[in-house]
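**Q** Sending over a structure as structure tokens; questions will come in a sec.
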Number of protein chains: 2
Amino acid sequence: MNKKIPVKIYLTEDEMPKSWYNLRADMKQKHEPFLHPGKLVPCTPEDLYPVFCKELVKQELDQENRYIEIPEGIRDFYKMYRPSPLVRAYFLEKLLDTPAEIYYKHEGNNTSGSHKLNSAVAQAYYAKQEGLTSLTTETGAGQWGSALSMACAFYGIDLKVYMVKISSQQKPYRKALMETYGANVIPSPSDTTNVGRKILEENPTTGGSLGCAISEAIEVAVTTDNCRYVLGSVLDHVLLHQSIIGQECKIAMDKYGIKPDIIIGCAGGGSNLGGLIAPFMAGKINGTDDTRIIAVEPSSCPSLTRGKYVYDFGDTGKTTPLMKMYTLGCGFMPSANHAGGLRYHGMSPIISKLYDDGYLEARSVEQTAVFDAAIMFARTEGILPAPESSHAIKVAIDEALECKKTGQKKTILLGMTGTGYFDMTAYIAYNEKTMTDYIPTEADLEQGFASLLDIPQNKQ
Amino acid sequence: MNKKIPVKIYLTEDEMPKSWYNLRADMKQKHEPFLHPGKLVPCTPEDLYPVFCKELVKQELDQENRYIEIPEGIRDFYKMYRPSPLVRAYFLEKLLDTPAEIYYKHEGNNTSGSHKLNSAVAQAYYAKQEGLTSLTTETGAGQWGSALSMACAFYGIDLKVYMVKISSQQKPYRKALMETYGANVIPSPSDTTNVGRKILEENPTTGGSLGCAISEAIEVAVTTDNCRYVLGSVLDHVLLHQSIIGQECKIAMDKYGIKPDIIIGCAGGGSNLGGLIAPFMAGKINGTDDTRIIAVEPSSCPSLTRGKYVYDFGDTGKTTPLMKMYTLGCGFMPSANHAGGLRYHGMSPIISKLYDDGYLEARSVEQTAVFDAAIMFARTEGILPAPESSHAIKVAIDEALECKKTGQKKTILLGMTGTGYFDMTAYIAYNEKTMTDYIPTEADLEQGFASLLDIPQNKQ
């Protein structure tokens, strides 16, 4: 193919996907079903309705339909900030002096600052359609909370955000952004819920965790009229919405005859990675495509690389359905030291299953090395990346340098999930050399794994 | 023309301008020449070489060539983040229930956060070409400093940024961003320069001003080897570089047969507005085009609407060449209360001349009304705007509401210069209702005008 490839590939509006890509339809083996936490049998839709919007439950349980149409209302919103550009990182390649070709999909050019908006819009849209008046959610680093605040402001839905306490302290401006969009932001654990009060009683000085915040948000949703809970990662329907990322990449790459040899994404709950790889997995699964896929996680919260593939709760309060996933145990308390997101104890069941079946690799990287990579990227590509995204950048640079050694001209596709505008505290720590690395000891991990022992499914 | 217009119009790489548009070539009457501050005669290139890069001096003094080629190196950098999208604000229109069509040119989707990068890249490129090793500059709200830090990191040039003290205190993260890109950021006035020490002696508690910071940056540039000063607004060559904005707009609009009835831009030093209107002015000047152009400035720093059109210094220390411009007097100290940029005492000589000749309108708006408009825009269009840009948004909304009254279907083009990620302190003040408005009294203005009386040209 000889078409001249622009530095930034933008799809036209007509080329944009009209359906989400349901990766599960391509999986020969589906992941294990969610189990009702009390009855320990697979969840029915009715079990989930008190917590989630109906349409999202339907999407969550649909493992058969490959394409799920994106409603026109959502596509109209997408058109305000999508397609996102697929960019060739020429200047980074030049600095690395690598034969590798590096492309990054830049999801940070909307002012929520990340890919999270793709699912936030969809979830707020369905809530509005179903006549709900309020939503609750949790946020860690704040990207999801920001995106959902923006979406709820747009659709006129009240929003309560439980924000991991340590993040709300480290990121006052992130909190202010959500409040600017009209959200009510509550540092978690808080005394506004039973589960929050219980956690505070046991551990009054805790900085909180995503797991705690989820418990609080769910409690409020199920005890408030016309209110549901929404989640920004982990669940299948969130990965479904994020498939817009991978589909835009694939359409753009196919258009110019580019084929990725390696796809790299950061993985906290797995939504960005799951969305990025969605349309590329079919070939991997049926054996016609040997693209390598690398999930990158922080050494400080290594659910794929050091976790167990078992049933676990999605939250610390043990209120969610049980999901089979790679997990550090819902009792695992991530280090407060780690900048940014990717601090979740578990991992998307889809990503977990694909990893367990050998379709993905996983790699963990340390914080200061991640920021070294972030700075290199910022200075050559003119984009200040979010710490989360920088995990993927770090591994992309490693792979490009490996190509330099071997002389192989590989094509690398990298998920650039967001910008670092609200992570300046972490950048300041890096600039001032006060940033440190943290790797949990075996004893730290055992403490988290202990929480798994109460779950009957894990006792065989 | 029946071509379907997408919500966001992106030019292809091939459609991007290969030259900047030199608006002065279209002006029947050029603005008055810069005067040497000592000799009071028009500046020669040699007068300017100690301060500015040679190529920039050449561009500054070129009033004849309509097109000035953009070097390939700069175009390669532009391709990393340009073209910027021209977006139809459908949802804002819907909320306003206006027959007007509102388009905004979104210059905030690069991580320097604003249009300032367009000139920063150019200036750093020429400095590198000319073998300079360091640059100095000033920054107010921090957009220019951020953009230049990014450009200097890219080209490997040392940078010293004098940042208005009150801004550096209000915006620690903006400072951190520049430092992440390797810049040395010094709150101004400082004790690192003679002029800074003098200003501090006279007024030890001052929060500083752009005028002070310029004086300090120039002093360092002219007393350091291989170092020059660069400015992010006001000067003709900066407006020249910013013409990329207007040209992209014009090409995109021509492509789809759209003709703006009103063009609205915020004006602090005038670079954004000058760039936005560059290719639209020829028709205005030769009388074939009746597009209205509105410059919007804050009521707290009303150089066009309440200033004098006289010769003045560009800085507080009275070290720059004299420029004939609309000014509040270089001794005018803008209110610390005002959020964001647009706090400069003077105005681009080009914009001043066009305004004086009746080709532009000017309007001043108050801060809280500007933030009302910003929030409305953020919630409908999904972009958190910078306070500067929000001045233009405010007037665009006013004009759209006027159309609603009269039933006229006007096309409004709005310069959306940047994002508000680093202005959260101001948004917090707005959210908490502690934000206030400030309008200088006649006595306040007289104090600023007093500084103009020493200038012989103003004594006739």
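**Q** Only one of (1) closer than 25 Å to residue B:350 by Cβ; (2) not in a helix (DSSP H, G or I) is not met by residue B:78, so which one is it?
**A** All conditions pass for residue B:78, except number (2).
**Q** While we're looking at this one, here's another question. Report yes if residue A:161 is surrounded by 24 or more Cβ atoms within 10 Å (Cβ to Cβ), under 23 Å from the mean Cα position of the chain (by Cα), assigned to a strand (DSSP E or B) and at pLDDT 95 or above, otherwise no.
**A** Details: surrounded by 24 or more Cβ atoms within 10 Å (Cβ to Cβ): yes; under 23 Å from the mean Cα position of the chain (by Cα): yes; assigned to a strand (DSSP E or B): yes; at pLDDT 95 or above: yes.
It is true that residue A:161 is surrounded by 24 or more Cβ atoms within 10 Å (Cβ to Cβ), under 23 Å from the mean Cα position of the chain (by Cα), assigned to a strand (DSSP E or B) and at pLDDT 95 or above.
**Q** In segment A:26-60, what count of residues is obtained for those that are under 23 Å from the mean Cα position of the chain (by Cα) and under 19 Å from residue A:355 (Cβ atoms)?
**A** Of the residues in that region, 8 qualify.
**Q** May I pose another question? Modelled with pLDDT of 95 or more, part of a helix (DSSP H, G or I), more than 14 Å from chain A (Cβ to nearest Cβ) and surrounded by fewer than 20 Cβ atoms within 10 Å (Cβ to Cβ), is that true of residue B:392? Steps first, please.
**A** On the way: modelled with pLDDT of 95 or more: yes; part of a helix (DSSP H, G or I): yes; more than 14 Å from chain A (Cβ to nearest Cβ): yes; surrounded by fewer than 20 Cβ atoms within 10 Å (Cβ to Cβ): no.
So residue B:392 fails the test.
**Q** Another question, then. Given the criterion surrounded by 24 or more Cβ atoms within 10 Å (Cβ to Cβ), among the hydroxyl-bearing types (Ser, Thr, Tyr) and either in contact (Cβ under 8 Å) with a residue 40 or more places away in the chain or in contact with a Ser or Thr (Cβ under 7 Å, 6 or more places away or on another chain) (or both), identify the matching residue among B:305, B:316. Write out each step before concluding.
**A** Numbers: B:305 fails: surrounded by 24 or more Cβ atoms within 10 Å (Cβ to Cβ).
Residue meeting the stated conditions: B:316.
**Q** Going through B:33, B:17 one at a time, which residue ends up being crowded, with 18+ Cβ neighbours inside 10 Å and either outside any loop (DSSP other than H, G, I, E, B) or at negative phi (or both)? Working first, answer last.
**A** On the way: B:33 fails: crowded, with 18+ Cβ neighbours inside 10 Å.
Sole residue among the options that is crowded, with 18+ Cβ neighbours inside 10 Å and either outside any loop (DSSP other than H, G, I, E, B) or at negative phi (or both): B:17.
**Q** Here is a further query. Is it true that residue B:213 is closer than 20 Å to residue B:426 by Cβ, in a helix (DSSP H, G or I) and open to solvent by less than 10 Å² (accessible area, probe 1.4 Å)?
**A** Values: closer than 20 Å to residue B:426 by Cβ: yes; in a helix (DSSP H, G or I): yes; open to solvent by less than 10 Å² (accessible area, probe 1.4 Å): yes.
Against the criterion (closer than 20 Å to residue B:426 by Cβ, in a helix (DSSP H, G or I) and open to solvent by less than 10 Å² (accessible area, probe 1.4 Å)), residue B:213 qualifies.
**Q** Give the residues of segment B:427-439 that are assigned to a loop (DSSP other than H, G, I, E, B), in contact with a helix residue (DSSP H, G or I) (Cβ under 8 Å, 6 or more places away or on another chain) and within 14 Å of another protein chain (Cβ to nearest Cβ), sorted by residue number. Please lay out each step first, then the result.
**A** In the first step, residues of segment B:427-439 are kept if they are assigned to a loop (DSSP other than H, G, I, E, B); the result is B:432-439.
Now narrow it down to the ones that are in contact with a helix residue (DSSP H, G or I) (Cβ under 8 Å, 6 or more places away or on another chain): B:435-438.
Residue satisfying the conditions is B:435 alone.
**Q** Now a separate question. Would it be correct to say that residue A:200 is outside any strand (DSSP E or B), within 14 Å of chain B (Cβ to nearest Cβ) and either under 30 Å from residue B:372 (Cβ atoms) or free of Cβ contacts under 8 Å to residues at least 24 places away in the same chain (or both)?
**A** no
**Q** Looking only at segment B:440-460, count every residue that is outside any helix (DSSP H, G or I) and either within 16 Å of residue B:316 (Cα to Cα) or open to solvent by 50 Å² or more (accessible area, probe 1.4 Å) (or both) and tell me the total.
**A** Applying the first criterion (outside any helix (DSSP H, G or I)) to segment B:440-460 yields B:440-441, B:451-455, B:460.
Pick out the ones that are also either within 16 Å of residue B:316 (Cα to Cα) or open to solvent by 50 Å² or more (accessible area, probe 1.4 Å) (or both) and you get B:441, B:451-455, B:460.
Counting residues in segment B:440-460 that are outside any helix (DSSP H, G or I) and either within 16 Å of residue B:316 (Cα to Cα) or open to solvent by 50 Å² or more (accessible area, probe 1.4 Å) (or both) gives 7.
**Q** Follow-up question, since we're still on this one. If we scan segment B:413-426, do we find a residue that is out of contact with any strand residue (DSSP E or B) (no Cβ under 7 Å at 6 or more places or on another chain), within 14 Å of another protein chain (Cβ to nearest Cβ) and among the aliphatic types (A, V, I, L, M)?
**A** So far as segment B:413-426 goes, yes, one or more of its residues are out of contact with any strand residue (DSSP E or B) (no Cβ under 7 Å at 6 or more places or on another chain), within 14 Å of another protein chain (Cβ to nearest Cβ) and among the aliphatic types (A, V, I, L, M).
**Q** For segment B:401-420, which positions are at negative phi, surrounded by fewer than 23 Cβ atoms within 10 Å (Cβ to Cβ) and of a type outside the set (A, V, I, L, M, F, W, C)?
**A** Result: B:402, B:404, B:405, B:406, B:408, B:409, B:410, B:411.
**Q** So is residue A:401 over 19 Å from the mean Cα position of the chain (by Cα) and over 23 Å from residue A:293 (Cβ atoms) or not? Break it down into steps so the answer makes sense when it comes.
**A** Working: over 19 Å from the mean Cα position of the chain (by Cα): yes; over 23 Å from residue A:293 (Cβ atoms): no.
Spelling it out, it is not the case that residue A:401 is over 19 Å from the mean Cα position of the chain (by Cα) and over 23 Å from residue A:293 (Cβ atoms).
**Q** Just the residues that are in contact (Cβ under 8 Å) with a residue 40 or more places away in the chain and surrounded by fewer than 17 Cβ atoms within 10 Å (Cβ to Cβ), please, taken from segment B:53-62.
**A** B:54, B:62
**Q** When you scan segment B:125-133, do you find a residue that is of a type in the set (Asp, Glu), touching a Lys or Arg at 6+ places or on another chain (Cβ under 8 Å), modelled with pLDDT of 95 or more and within 23 Å of residue B:182 (Cα to Cα), even just one?
**A** Yes: segment B:125-133 contains one or more residues that are of a type in the set (Asp, Glu), touching a Lys or Arg at 6+ places or on another chain (Cβ under 8 Å), modelled with pLDDT of 95 or more and within 23 Å of residue B:182 (Cα to Cα).
**Q** Please indicate, with yes or no, whether at least one residue in segment B:252-267 is assigned to a loop (DSSP other than H, G, I, E, B) and within 14 Å of the chain's Cα centre (by Cα).
**A** Step one: of segment B:252-267, the residues assigned to a loop (DSSP other than H, G, I, E, B) are B:256-261, B:267.
Of the ones still in play, those that are also within 14 Å of the chain's Cα centre (by Cα) are B:267.
Checked against the condition, which is being assigned to a loop (DSSP other than H, G, I, E, B) and within 14 Å of the chain's Cα centre (by Cα), segment B:252-267 yields at least one hit.
**Q** How many residues does segment A:99-158 contain that are part of a strand (DSSP E or B), away from every other protein chain (no Cβ under 14 Å) and farther than 22 Å from residue A:79 by Cβ?
**A** Residues meeting the conditions: 7.
**Q** Kindly indicate the residue of segment B:370-384 that is assigned to a helix (DSSP H, G or I) and in contact (Cβ under 8 Å) with a residue 60 or more places away in the chain and also farthest from the other protein chains (Cβ to nearest Cβ) among those meeting that condition.
**A** The first filter runs over segment B:370-384 and keeps only residues assigned to a helix (DSSP H, G or I), leaving B:370-381.
Restricting the remaining residues to those that are in contact (Cβ under 8 Å) with a residue 60 or more places away in the chain gives B:370-371, B:376-377, B:380-381.
Working: B:370: 14, B:371: 10, B:376: 10, B:377: 11, B:380: 7, B:381: 6 Å.
The qualifying residue farthest from the other protein chains (Cβ to nearest Cβ) is B:370.
**Q** If I ask for residues that are modelled with pLDDT of 95 or more and either within 23 Å of residue A:163 (Cα to Cα) or open to solvent by 20 Å² or more (accessible area, probe 1.4 Å) (or both), which ones from segment A:324-341 would you list?
**A** The initial filter retains those residues of segment A:324-341 that are modelled with pLDDT of 95 or more, namely A:324-329.
Answer for segment A:324-341, where residues must be modelled with pLDDT of 95 or more and either within 23 Å of residue A:163 (Cα to Cα) or open to solvent by 20 Å² or more (accessible area, probe 1.4 Å) (or both): A:324, A:326, A:327, A:328, A:329.
One line per residue, one yes/no per condition, for (1) closer than 23 Å to residue B:146 by Cβ; (2) modelled with pLDDT of 95 or more:
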residue: B:208; (1), (2): yes, no
residue: B:212; (1), (2): yes, no
residue: B:221; (1), (2): yes, yes
residue: B:225; (1), (2): no, yes
residue: B:233; (1), (2): yes, no
residue: B:242; (1), (2): yes, yes
residue: B:254; (1), (2): no, yes
residue: B:257; (1), (2): no, yes
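**Q** Of the residues in segment B:70-123, how many are closer than 30 Å to residue B:157 by Cα and β-branched (Val, Ile, Thr)?
**A** Count: 4.
**Q** Name the residue that is farthest from the other protein chains (Cβ to nearest Cβ), counting only residues in segment A:172-186 that are in contact (Cβ under 8 Å) with a residue 40 or more places away in the chain and among the hydrophobic types (A, V, I, L, M, F, W, C). Before you say what the answer is, go through the steps one by one.
**A** Just the residues of segment A:172-186 that are in contact (Cβ under 8 Å) with a residue 40 or more places away in the chain, to begin with: A:173-174, A:177, A:185.
With the extra rule that they be among the hydrophobic types (A, V, I, L, M, F, W, C), the set shrinks to A:177, A:185.
Values: A:177: 6, A:185: 11 Å.
Across segment A:172-186, the extreme among qualifying residues is A:185.
**Q** Taking segment A:37-52 as the region of interest, how many residues are part of a helix (DSSP H, G or I) and free of Cβ contacts under 8 Å to residues at least 24 places away in the same chain?
**A** Here the count works out to 2.
**Q** Restricted to segment B:177-197, and to residues that are within 22 Å of the chain's Cα centre (by Cα) and not in a loop (DSSP other than H, G, I, E, B), which residue is surrounded by the fewest Cβ atoms within 10 Å (Cβ to Cβ)?
**A** Looking at the filtered set, the residue picked out is B:187.
**Q** Residue B:398 fails exactly one of the following numbered conditions: (1) open to solvent by 20 Å² or more (accessible area, probe 1.4 Å); (2) in a loop (DSSP other than H, G, I, E, B). What is the number of that condition?
**A** Just one mismatch for residue B:398, condition (2).
**Q** If you don't mind, another one. Determine if segment A:26-38 includes at least one residue that is in contact with a Pro (Cβ under 8 Å, 6 or more places away or on another chain) and either of a type in the set (Asp, Glu) or within 14 Å of another protein chain (Cβ to nearest Cβ) (or both). Write out each step before concluding.
**A** Step one: of segment A:26-38, the residues in contact with a Pro (Cβ under 8 Å, 6 or more places away or on another chain) are A:31-37.
Next cut, either of a type in the set (Asp, Glu) or within 14 Å of another protein chain (Cβ to nearest Cβ) (or both) only: A:32.
Checked segment A:26-38: at least one residue is in contact with a Pro (Cβ under 8 Å, 6 or more places away or on another chain) and either of a type in the set (Asp, Glu) or within 14 Å of another protein chain (Cβ to nearest Cβ) (or both).
**Q** Say we look at segment B:67-98 and pick out the residues that are touching a Phe, Trp or Tyr at 6+ places or on another chain (Cβ under 7 Å) and surrounded by fewer than 17 Cβ atoms within 10 Å (Cβ to Cβ); which of these is nearest to the other protein chains (Cβ to nearest Cβ)?
**A** B:73
The values are calculated or read from the model by the stated rules, or taken from the named source; none is laboratory data. Since we're looking at a predicted model, the values are computed, not measured. Positions of Cβ are generated from backbone atoms using ideal geometry, with glycine treated the same way; all protein chains shown enter the neighbour counts. All accessible areas refer to the heavy atoms of the entire protein, side chains included, with ligands and DNA or RNA removed. Shrake-Rupley method; radii C 1.70, N 1.55, O 1.52, S 1.80 Å.
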